[in-house]
Amino acid sequence: MAPRWLPRFYLEGFRDPDAAGDPALWVYRAPTGQWRETRLDGRDGADRDFNAVSDPALAGGPDPEERFAADASALSALLREALPAGRELGAADRALLARFLAFLGVRRAPRAARVAEAEASAGEEALARVLEEMGWVLWRAGAGGWFVTSSSPFLVSFPQQAADFVGTLDLQTPSSEVTVPLTRELALLGTWRRRGTLWRTAPEEALLELNFRTCTRALAFLASPRPAVPG
């Protein structure tokens, strides 16, 4: 079986909260050019499973469903219970979430297929340590808005630097930011401008910017609770 782009415990956080039963996730794929209501438990009739990695260069990589099988319940509780409730994470929970985000950042990056296994594993470990050190801003989607995710939801940006210099920068650069949609209602901004964890309601411009960043990194699909991206 081909590995999945994203584990079910993560995708479930982007389901339509008002839909009854399955399917409840809307997926956009460029080849079809349309949104389709989609199941999370594999193939839906004759339709190809949107979450199966078909790229031969990536198909031999680790499956996040298997990699985080032992931690799926804990990660699901963090994403959909602890963080939405505004509960500060302990060191162990923060480290666990950082490991999952590092997997997304390294294994689901647009150029992941070009990275050797040893380098990818080392990159995951290094990125997880950096993420633990960064300050975290948890953006809550305002009324009527939602966050979308994609097959490559982790983005590093350098908003205070000229685009010409981006290639020489890294996550240790003071102006660097990390953005990751966590659920339809919550997105993480990693920053060096603050420490600890802060919860904020995202104004419309912040929600649109975060969704824009997610869309720019999509390799195989977008996933949303509604058949649209706000804005």
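Only the coordinates and a few stated rules stand behind these numbers; no lab work does. Computed from a predicted model, the values in this text were never measured in an experiment. Heads up, the Cβs are rebuilt from the backbone with ideal geometry, glycines too, and the neighbour counts pull from every protein chain shown.
Measuring r between the beta carbons of ARG36 and ARG111 and using R0 = 25 Å, the FRET efficiency lands at 0.35.
Available extension along the chain between ALA122 and ALA52 is 22.7 nm, counting 0.36 nm per residue and deducting the alpha carbon span. Across the chain, Cα pairs under 8 Å and at least six residues apart give a relative contact order of 27 percent. Each Lys and Arg adds +1 at its Cβ and each Asp and Glu adds -1 at its Cβ; summed about the Cα centre, the chain shows a dipole of about 240 debye.
If you take every DSSP beta bridge fully contained in the stretch 8-224, what fraction is antiparallel? Give it as a percent rounded to 5. Expressed as a percentage, antiparallel bridges in the stretch 8-224 total about 80.
Here is the P(r) of the chain: all C-alpha pair distances, binned every 5 Å from 0, give 1, 6, 14, 19, 21, 18, 12, 6, 1, 0 in whole percents.
Applying 0.36 nm per residue to the separation of ARG8 and GLU205 and subtracting their alpha-carbon distance, the gain on full extension is 68.0 nm. Across the options ALA141, ASN51, ALA112, the greatest Cα extent toward the positive end of the charge dipole of the stretch 8-224 (unit charges at beta carbon of Lys, Arg, Asp, Glu) belongs to ALA141.
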